[in-house]
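One structure below.
The values are calculated or read from the model by the stated rules, or taken from the named source; none is laboratory data. Values in this document were obtained by computation on a predicted structure and should not be read as measured data. Using ideal geometry, Cβ is built from the backbone for each residue, glycine included, and neighbour counts are taken over all protein chains shown. Side chains are part of the model used for accessible areas, which takes the heavy atoms of the whole protein and leaves out ligands, DNA and RNA. Shrake-Rupley method; radii C 1.70, N 1.55, O 1.52, S 1.80 Å.
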Amino acid sequence: MTFLSEYIYYIGAFGLIFIGLYIVLVKKNLIKVIIGLSIIDTGINLFLITIGYIRDGTAPVFSKPGLKANEMVDPVPQALVLTAIVIGVAILALAISLAVKLYKHHGTLNLRKINEQKW
Amino acid sequence: MNLIILLAIAFGGALITYFLGKISQKIRDIFAVFISLALAVIAACFYNVSSREIYYTGFLDFPFVLRVNTFSWFFAVTIAVIGLFSIIFSLNYIRKRGNTDFYYSMMLLVIASMIGIVLSGDLVSFYIFWEIMSWSTFLLISYNRGPAISAGMKYIIMSVTGSVVMLVGIVSLYLHYDTLVYTELSGLLNNASSGYILFIIILFFIAFGVKNAIWPLHVWLPPAHSEAPSPFSSVLSGILIKIGTYGIILLIFVIIQINVFLNLGEGILSVRYIISIIGVITILIPTFIALLQDDAKRLLAWSTIAQAGYIILGIAYGTSESVAGGMFHFFNHAIFKSLLFMVVGAVEYRTNGVRDLNSLGGLIKKMPVTFIGGLIGICGLIGVPLTNGFVSKWLIYKTLILNNSPFLAFAALLGTWGTILYSYKLIHNMFLGQLPEKYEKIKKAPFSMQLPIVILSLAIIFFGIIPGLPLHVINSIESGFGMEPLTINIWGIASDTGTINMLNIFTAVLVIGIMVWLIFKVSKKSTVIGQYDNYAAGTTVPKDKYNYSVNFYDPLCRMISPYLKDFIDDFYMSLARSIKNTGNGIRRIYTGDVGHYVIYIILFLALLIFIQINWELW
Amino acid sequence: MRKLFVILLLLIIAGGITLSLKEIPFGIPKTKIGDHFINKGVEETGSVNIVTSVVVGYRGFDTLGEITVLFAATIGLGAVIGTFRKNSVNREVEAASLIVYTGCRFLFPVILLVGTYIFIHGHLTPGGGFQGGAIIASAFLLMYLGCSNKRIKENLSKTVEMIGGLTFIAVGIIGLAIGQDFLFNFLPKGEPAELLSAGIIPIVYIAIGLKVGSELAGIIDNLIQKS
Amino acid sequence: MVNPVLLIVIPLGLAFVVPFFGFISKKIEKFIPFVALFFNLIVSLRLFPRVLEQPVHVSIGGFVPPFGINLVAGPIGILFTVLIALVGFLVSIYAFDYIKEKDQEKYHILYLLLLTGATGVVLTGDIFNLFVFFEILCISSYSLVAYFGDKTSIESAVKYLIQGALGSCLILMGIGLLYGQFGTLNMADLAGNIKSVHSVSIFVPLVLFITGFGVEAAIFPLNAWLPDAHSSAPSSISAVLSGIAIEVGLYAMIRVVFTLFGASSILTFLMLLGVITLLIGELCAFCQENIKRMLAYSSIGQIGLMLFALSIASSYGITGGLFQLVSHTLGKSLLFLAAGYMIYRSGSMNISSFEGMGKRMPYTALAFTIGAFSIVGLPPFIGFPGKLMIVKAALFEQEMLYTVLIFFILLATVIEGAYYFRVVQALYFKEEKNTQNQKREIAPLSILIPIFILTGFIVVIGIYPKLITDVLVSSASELLNRADYIKSVMP
């Protein structure tokens, strides 16, 4: 089972990414597609966090004396994830608002049926 | 006088004309005539001047060179003079139409860019002027609206195709020889492999061939010439397509050099011979297609292609006589073809746009000056002695016969025979025969139209009797190219292989003419009979019911017409259609379904990764 | 058919990613800049929360971009949703029960306080402007859910948002003005682990907190009111 | 001493305070982008001479790279900044009268943010920072596409958002993979570590970047959003999207390929991709009846041409590609602006509704004509030197492949000519169908000024390309000299 313990985080993160991609590629409903995008985002965030992880590491906060620097996990991915989450939220919010409007115009969220703009 | 000033006047005049027109139409007209007159005068002043100046170096390290020598002078003067006449002709012709500022401005721009082409001394500035000419011509051809739109479209597409191909040639020359200035470039190709020269020739020939309407590239010309405003048709036919000829001369004699050109290939497969054959085809097919036309301007348009064939034949054949013939024919054709377009234009102007030969007729009494102009014009076109066309055609025939190319000569002669037929059809159906009733009240052409017609007609006779003047210039052009000069006197050519002396012919014709006139005068047997004073089975013919001109040459036409379908045109049209269909097919990939679009993205990604994993291509 | 095809494509990509993940073994210290931040972060920025020192200090410019992204999304959402305002009918919402109503009103200031605490202490404890801002926004969400008659004052929220954004940029430009770089930490860094330490970091984080809070609240407001 | 960071920060700050000006007077709001971009124009022009001597490096917060974020204002960056500021400035004038909807405030904020994002992308030297600014650019363009809020624009915006968000996710994934391997985010530092893209672990991030940025750059087959989005956005936004946004996408892609990865082996593939993009774009545009869709497809074609030229990766090629980029930015913005106003007046996007516009709106129609001629590459307009340089670059390689490709490209140019000439003919030479609307309508000054200025640039640079070629040559050498870039950032 060493394989799993080595890679379970990667598998989890990329599992989410691929599930998200699958949803985006296959699902017809706009809300589902947006959820898919959100899942991809989450997966990527997890992946970034995983990259920075150090075995048995602690959070990079010197909140009390005696914490050793070399036991701390990499702070950079955490900072990146912070940013990435916000960007994800921003896209999500915009997408939701567009979905609302789309529904008002077309009366459906089925993306296969919304194809007036083509060719 | 500086060359750059000439160009500045030309282009500046074109621009200013547009804005002057916003102030006053009259001032603009005067200004336009003045500018074109100034161009003609200044261009003429460069006679025997040989100079070269670099006027601009900022363009991507290409120096721009202007140069003048006899060769470019000859073309520049022709352009400026014909341009002047058609501007004068336009004064009345275009007055009632809309958007006249645009018309004059574009007309001057076309003339300016053509002068720019012949004065440019390197290929980049040549190309730039060439393109300016192309698009301004396009705008002018489309000016008449209606069918002119598709004519303009055809023109510009072919023209752009040609010029992009030429661009490849130019850039390739630059990369090989690091210069595009003619004087530096000429002779450099002596050492090039014949394959490369052939490559260059083909590239440039496509571009020049489109402009010059050489046979398989001619399809734009008939609609464009017939749909353009008539004064512009005369520029188009008289000089604009000859810019293609200029290019071909430039290519063969300046860039490649004649001796290299003549030695390309062997016997029947030599480049010279192939181009001559193309020239002959360009004479034959369009000549007989012209015969079938019922639209006066379209007939002249096809005739233009055919005459361009003579010029190409003469130039590509490559002996000093044939080249002289070709260049002289260029000059003559500029005169008589613009004259003929003006004649048709005058008729069209007075009849409110009627060009259909079947519904015209009998205008000789109403528009006598125009008729005389037309008559002299077709004489020149046919090559009747004492007109300029005779000398140039004679030169071409002679050299073909003397150099053992009887088939080419025969074909050229056949072309002349066809020319006689369609020219007669043109003049007869417009001016002779019965006058339809609706044209009873027609007036003669206004002065601004008669003036160019008269001057050009006189020029035809003048250069027909004294061909030595232009031939002298052509001779010095040829010696500039390093060719053997002809022996020329003012009346014609005196060489050991054949002499032509127009003075003798002139005297002979004059004597015969006087004799004929005397006989008619003395005998006085003939009486003049009115047009409707004739009998048909005892009753007079009702007016307008009987028209000689319909179905002219009907049996001949029926015989030849199946062979003369314009396959080339069909081919191009189907090409265009298939491109359109391809586009219509391709844009189906944008299905409107965003699910497909994301699949494209992922597919692209997956494909690249797949290739790399499997074949490690990158 | 489509599903199979998609799965095939995803498998190929998964294969590629798996191969490239071999170079990134799990859980082993390897980062170059991360070590630097951990070792020198406290000293260079004065913040004991290294993540904060990265977010606001080393990569402060990213953070500026990030609040801009959120800002753009808020404005964009307003633009997209707002165009429908005319025809939307004011729906009658059933009022919440008294318990919920009172509870919300009771919790509202507490949540605000927590949020404020979190972004003020961003350089000391886990948390910071974004987290605090999000908590503040959640307070407003609670108000919207529980007390349907309460609304955010739009101009107030705009002003707060603007002040937040401007403070961030002004702090950055002051660094530039005193001859250093943009976002230079010009204030004394103080004793690490004190509240008043780490120079500009708390100021920036407060600005971010205000801005994010008002932006998220604005998003909620837009979505609830205008859709 | 002008700091390049001001180019990003000042517009950003001004975007934040637009509501504040809105409190004072709603009329001031529309001048904010104008002021901000004018400021950017001045600053970037003042930076130009310095940048040509040596790239200006600025680190944010006083932390040296790779620890802090740095801005690299090289020739190419400043070139883009000037372009963005110039076009943005002109379009902001255009918007004075063009944008009449109620919620102008949001338009102006988003517009300013879009251009700020674009400026950030071209100036930054940090890959994650690039991503952040890229997102600003994308999010504001999603919302601006939807600005009209009607059926088509919402639909296009949704599609654009889905594809764009997917692209962003891919980019972020690529960043994660790179960070995992090298533990740094600075582009120069990363580039110093990457020697070849042959191994899959490097290649996968490269492909992720190409795909991700390719979506915004509208490379075939990633460009399906473009015709929808560009045609249904407000015309001023279409001008910016077509003139700046996709070019910035292309910049990001080229920057990644050239500087970050030094991936010379993939260039041939990109070149082919460019030609395919060109052909498909032109063929699709050829069949369009909707003028804005036609222009949008033409943008795809032009992007393909630029990609081709840039992928030749010689000094000639990159110079030619960048020249084409400049000419497309100016030309296509002009076309969209002119077409936009004509659409506004005729009320329809169909080409046939443009008939007779040459008489009704002479100046706008003239500008459109000049723009069209320039895009086709006719002298004396700016498109011609670009075309000439690209042909020269391709033939310079002396390989059969390039010669064949150049013929394809020229074929595409002819097709492009065909549909542009058709519109020009419709403008001038077709009779208008409804005759009651024949009176001349001169556009307001705020519409004419940007159109005239753009026309002026097109003609002047077309006649005197030396104005920009020097800059382009040094930009090309910046892109080509990867080692110098690395050295200058990480001494």
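Annotations
- Which numbered condition D:Pro379 misses (of (1) under 30 Å from B:Tyr174 (Cβ atoms); (2) open to solvent by less than 10 Å² (accessible area, probe 1.4 Å); (3) part of a helix (DSSP H, G or I); (4) modelled with pLDDT under 90): (3)
- Selected residue [within 22 Å of B:Leu3 (Cβ to Cβ), polar (S, T, N, Q) and in contact with a helix residue (DSSP H, G or I) (Cβ under 6 Å, 6 or more places away or on another chain)] from B:Ser142, B:Ser136, B:Ser159: B:Ser136
- Flag for D:Ile32 being of a type outside the set (S, T, N, Q), more than 8 Å from chain C (Cβ to nearest Cβ), under 30 Å from D:Ala95 (Cβ atoms) and free of Cβ contacts under 8 Å to residues at least 12 places away in the same chain: no
- Here D:Arg345 clears all of (1) more than 13 Å from chain B (Cβ to nearest Cβ); (2) of a type in the set (D, E, K, R); (3) surrounded by 22 or more Cβ atoms within 10 Å (Cβ to Cβ) except the condition numbered (3).
- Some residue of segment D:128-144 being more than 10 Å from chain C (Cβ to nearest Cβ) and either over 20 Å from B:Tyr600 (Cβ atoms) or assigned to a helix (DSSP H, G or I) (or both): no
- Restricting attention to segment C:22-53, the residues that are closer than 30 Å to B:Ile601 by Cβ and facing chain D (nearest Cβ under 8 Å) add up to 3.
- Filter result for D:Lys487 (touching a Gly at 6+ places or on another chain (Cβ under 8 Å), open to solvent by 70 Å² or more (accessible area, probe 1.4 Å) and at pLDDT 85 or above): no
- D:Val423 open to solvent by 10 Å² or more (accessible area, probe 1.4 Å) and among the aliphatic types (A, V, I, L, M): no
- Those residues of segment B:144-172 which are of a type in the set (Gly, Ala, Ser) and under 30 Å from B:Gly353 (Cβ atoms), in sequence order: B:Gly146, B:Ala148, B:Ser150, B:Ala151, B:Gly152, B:Ser159
- D:Ala476 passes every criterion in (1) modelled with pLDDT of 85 or more; (2) assigned to a loop (DSSP other than H, G, I, E, B) apart from (2).
- Residues that are open to solvent by 10 Å² or more (accessible area, probe 1.4 Å), facing chain C (nearest Cβ under 9 Å) and not acidic (Asp, Glu) are absent from segment D:156-176 altogether.
- When every residue of segment D:299-321 is checked against the conditions, none turns out to be within 28 Å of B:Tyr143 (Cβ to Cβ) and touching a Ser or Thr at 6+ places or on another chain (Cβ under 8 Å).
- Qualifying residue in segment B:467-475 (condition: closer than 23 Å to B:Gly374 by Cβ and assigned to a loop (DSSP other than H, G, I, E, B)): yes
- Within the option set D:Val404, D:Val414, D:Val391, being open to solvent by 10 Å² or more (accessible area, probe 1.4 Å) and either over 30 Å from B:Arg145 (Cβ atoms) or more than 11 Å from chain B (Cβ to nearest Cβ) (or both) holds for one residue only, D:Val404.
- Some residue of segment D:50-67 being more than 14 Å from chain C (Cβ to nearest Cβ), open to solvent by less than 10 Å² (accessible area, probe 1.4 Å) and touching a strand residue (DSSP E or B) at 6+ places or on another chain (Cβ under 6 Å): yes
- Scan of segment A:4-19 for residues that are open to solvent by 60 Å² or more (accessible area, probe 1.4 Å) and at the interface with another protein chain (Cβ under 7 Å from one of its Cβ atoms), ordered by number: A:Glu6, A:Tyr7, A:Tyr9
- Single condition A:Ala90 does not satisfy, out of (1) within 17 Å of D:Phe128 (Cβ to Cβ); (2) more than 8 Å from chain C (Cβ to nearest Cβ); (3) out of contact with any Phe, Trp or Tyr (no Cβ under 8 Å at 6 or more places or on another chain): (2)
- For segment A:55-72, the candidate set comprises residues that are aliphatic (A, V, I, L, M) and within 16 Å of C:His36 (Cβ to Cβ); within that set, the residue that is surrounded by the most Cβ atoms within 10 Å (Cβ to Cβ) is A:Met72.
- Only a single item in (1) outside any helix (DSSP H, G or I); (2) without any contact (Cβ under 8 Å) to a residue 12 or more places away in the chain is not met by D:Phe407, and it is number (1).
- Taking segment D:209-218 as the range and being more than 7 Å from every other protein chain (Cβ to nearest Cβ) and under 14 Å from D:Ile171 (Cβ atoms) as the test, the residues that pass are D:Phe209, D:Ile210, D:Gly212, D:Phe213, D:Gly214, D:Glu216, D:Ala217.
- Residues considered: D:Val87, D:Val72. Of these, the only one that is surrounded by 20 or more Cβ atoms within 10 Å (Cβ to Cβ) and either in a helix (DSSP H, G or I) or of a type outside the set (A, V, I, L, M) (or both) is D:Val87.
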